[in-house]
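The values are calculated or read from the model by the stated rules, or taken from the named source; none is laboratory data. This one's a predicted model, so the numbers in the text were calculated from it and none came from an experiment. Reconstructed Cβ throughout: ideal geometry from the backbone, glycine too, with neighbour counts over all protein chains shown. Just so you know, the surface numbers come from the protein's heavy atoms only, side chains and all, with ligands and any DNA or RNA stripped out. Shrake-Rupley method; radii C 1.70, N 1.55, O 1.52, S 1.80 Å.
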Amino acid sequence: MCGLSEFQKWAKKKGYAVCFINQAKTPILMVKHLPFASNQLVELNKGLWGNSTNGFCTGAAIHWICYRYHGAEFYHHPETLWVDIPFHEMTKCQNYLESNDSNMKYIDRVEHVLSWYGLKINRGLYIIIEKPAVDKIIDHTLKYPGYCFLLVMHGDGPGHALAIHSMGKAGWRLFDVNEGVFQCVVNVGSEHENVHKLFKEHMTECEYSIRYSQYYLIGIEKPPYVSGAFDSFKFIIQLETNLAMHKK
């Protein structure tokens, strides 16, 4: 657990916070910043996490989408709201997406990683947006209630990825491995003021609207096995077992 960011404080005060995450404070990213971190220790850490020592945002976002399609959320402390999850499984996804030995286009690598979860891209819901993008992202996701979206953002420097679950009347949920999970009510028939307030504050406070200029919004097809009778806990245990079998 660590101190809250300005956005986390704002979201908690407004009642939008579901849980908090900060990938910079995970063992994956912290080891190279330790004052006693020798080159040997850093190399050992890379052996555990691969190249995800630079971040694992896309792997985390895909992992979260799978949880959402099974009615689940990352485990978090009921009082502090800080998440406690097996981050190492997410790095397997990230390592493959960033691998140099694959000749596939990035979107096809995303499709391949999704297949590990039994998911696939809905190509009809895949759009590329130039900045300003906030309103366009909101409008597109709200058009397709029930769907999850992977949002990959690019600019002059390193990119970043978020995930969105558009739940219709049940709400609109946002995932960012730098901040956490946040949700607001969708007022049907209105201008969706709550969604705009939450997402604009997030994109502004985290400087994503400034830092990135191109946004890839990728709709993820709803799996056919989602049902009210599905045992989410058993599925998640099986998911972790399946991912452990993948080398990349």
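Numbers at a glance
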{"quantity": "Selected residue [surrounded by fewer than 18 Cβ atoms within 10 Å (Cβ to Cβ), at pLDDT below 95, hydroxyl-bearing (S, T, Y) and assigned to a helix (DSSP H, G or I)] from T241, T204", "calculated": "T241"}
{"quantity": "Residues being of a type in the set (K, R) and open to solvent by less than 70 Å² (accessible area, probe 1.4 Å) - total across segment 93-134", "calculated": "1"}
{"quantity": "Considering residues of segment 173-203 that are in contact with a strand residue (DSSP E or B) (Cβ under 6 Å, 6 or more places away or on another chain) and of a type in the set (F, W, Y) only, the residue nearest to K120 (Cα to Cα)", "calculated": "F175"}
{"quantity": "Among (1) under 16 Å from Y117 (Cβ atoms); (2) at pLDDT below 95 - the single one L150 does not satisfy", "calculated": "(2)"}
{"quantity": "Checklist (1) assigned to a helix (DSSP H, G or I); (2) modelled with pLDDT of 85 or more applied to N95, failing item", "calculated": "(2)"}
{"quantity": "Selected residue (criterion: modelled with the lowest pLDDT) from residues of segment 118-142 that are within 19 Å of K197 (Cβ to Cβ) and part of a loop (DSSP other than H, G, I, E, B)", "calculated": "P132"}
